[in-house]
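Structure first, then comments.
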Amino acid sequence: MALEDILYSVGATFESASRKVAGWIRDVISPSKRGEPPSFSFLRKFLKRDLTPHEFLSLELQLVLLSYLLLSLFVTVFWGSIVYLSLLFIAEFLSVRYILLKNWDFLIDPEPYRFFYYWLSAIAFLSFLGYLILKRFSPTVYYYYAYLTTALIAVLVFRHYFKSRYGRDYTYGVVEEVKNDLVRVFVHDDIAANVKPGYYWLPAVPDARPGRVVKILVEEKVLKSARPSRIIEVYLDQSSQTETEPKEAAA
């Protein structure tokens, strides 16, 4: 192959790669919404259950946050680098932002998720950063007590503000089965109501039929997820619902 052909091939390859990288950077900085939900092929390999897009996205956000916390702890304990800690926070924040904005239309009530993960990530970063700063100055033990107290207060204030702004004592579900005096309801992951996704048996109510959307009262548990207790409303016209949707339509 002539030198001119080699140079042309290298140039074409570099140009193609540059366009792909530039497109990826633009998509990360300003994500465009998906027209269809992602395949979640990686997560499906490890999960036996067939979850809805909302559940998969919620799981992705949890995994990103957990990975960030573990890596930040490692950096804080073994390297003590503020630069690496800051880079980890930027990478995690951009990842969470990308997942949320890219898949905004496939999350049920997405705003609480954005608020929760943005601010929890920031609080975690400031906590790790505060520890590294204290460690460099080697103050007395009382400064560490003050640091831990401040971090705890920040978490409690965040929790209180989140609950007062987004928290609610109800969630939504889809009736899957009616059996005697009980109905089996599928409930999505609901961060605002602090409810885990899954199937729940609840007392039957009139008009509760398979496929219908229902409004469910939840009971708050101390240091635990809230639990659905009873159906308080059945929506006969599903087309009017914007808060949730039947599982079949979301899958």
Rounded to the nearest whole number, the Stokes-Einstein translational diffusion coefficient of the chain at 4 °C and 1.567 mPa s (Kirkwood radius, C-alpha pairs) in µm²/s is 60 µm²/s
For TYR170, other-chain or 5+-apart residues with amide H closer than 5 Å (H placed, Pro excluded) are VAL218
In this structure, the FRET efficiency calculated for GLU176 and LYS33 from their beta-carbon separation, with R0 = 25 Å, to the nearest 0.05, is 0.25
The answer for the per residue Cα convex hull volume of the range 45-117, in Å³, is 99 Å³
In Å, the C-alpha Rg and Dmax of the range 125-247 are 21.2, 67
Rounded to 0.05, the calculated FRET efficiency for the beta carbons of ASP207 and GLU111 at R₀ = 30 Å is 0.50
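Work out which helices of the chain, taken as complete DSSP H runs, extend at least 18 Å along their axis over the Cα atoms and score a mean Kyte-Doolittle of 1.6 or more, then list them.
On the way: long enough: 3-29 (39 Å, 0.33); 53-74 (31 Å, 1.31); 82-102 (29 Å, 1.71); 111-137 (39 Å, 0.72); 141-165 (36 Å, 0.54).
Helices passing the filter in the chain: 82-102.
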Once normalised by the length of the range 38-154, the mean sequence separation of its alpha carbon contacts under 8 Å that are 6 or more apart gives a contact order in percent of 27 percent
Place a point 7 Å from the Cα of LEU63 in the direction of its beta carbon; the residues of the range 91-108 whose amide N falls under 14 Å from it are 96, 99
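Do any of LYS179/LYS215; LYS135/LYS224; LYS45/LYS196; LYS48/LYS221; LYS102/LYS196 go past 25 Å between their Cα atoms, and which?
Numbers: LYS179/LYS215 19 Å; LYS135/LYS224 34 Å; LYS45/LYS196 22 Å; LYS48/LYS221 28 Å; LYS102/LYS196 23 Å.
Correct reply: LYS135/LYS224; LYS48/LYS221.
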For VAL183, other-chain or 5+-apart residues with amide H closer than 5 Å (H placed, Pro excluded) are LEU202, ALA204
In whole Hz, the Karplus estimates of ³J(HN,Hα) for the range 194-204 (6.51, -1.76, 1.60; θ = phi - 60°; x where Gly or Pro) are 6, 10, 7, x, x, 9, 10, 8, 10, x, 6
Taking a label point 7 Å from the Cα of TYR144 along Cα-to-Cβ, the residues of the range 54-79 whose backbone nitrogen sits under 19 Å from it are 73-79
Nearest-0.05 FRET efficiency for PHE74 and LYS221 at R0 = 25 Å, using Cβ-Cβ distance, is 0.20
Residues meeting the amide H criterion for ARG230 (H placed from the backbone, H to H distance under 5 Å, 5 or more places apart or on another chain) are LEU217
By the Kirkwood definition, with r running over pairs of different Cα atoms, the range 40-177 has a hydrodynamic radius in Å of 17.2 Å
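Every number in this text was worked out from the coordinates using simple rules, so none of it is lab data. Given the structure is predicted, the values throughout are model-derived calculations rather than measurements. Using ideal geometry, Cβ is built from the backbone for each residue, glycine included, and neighbour counts are taken over all protein chains shown.
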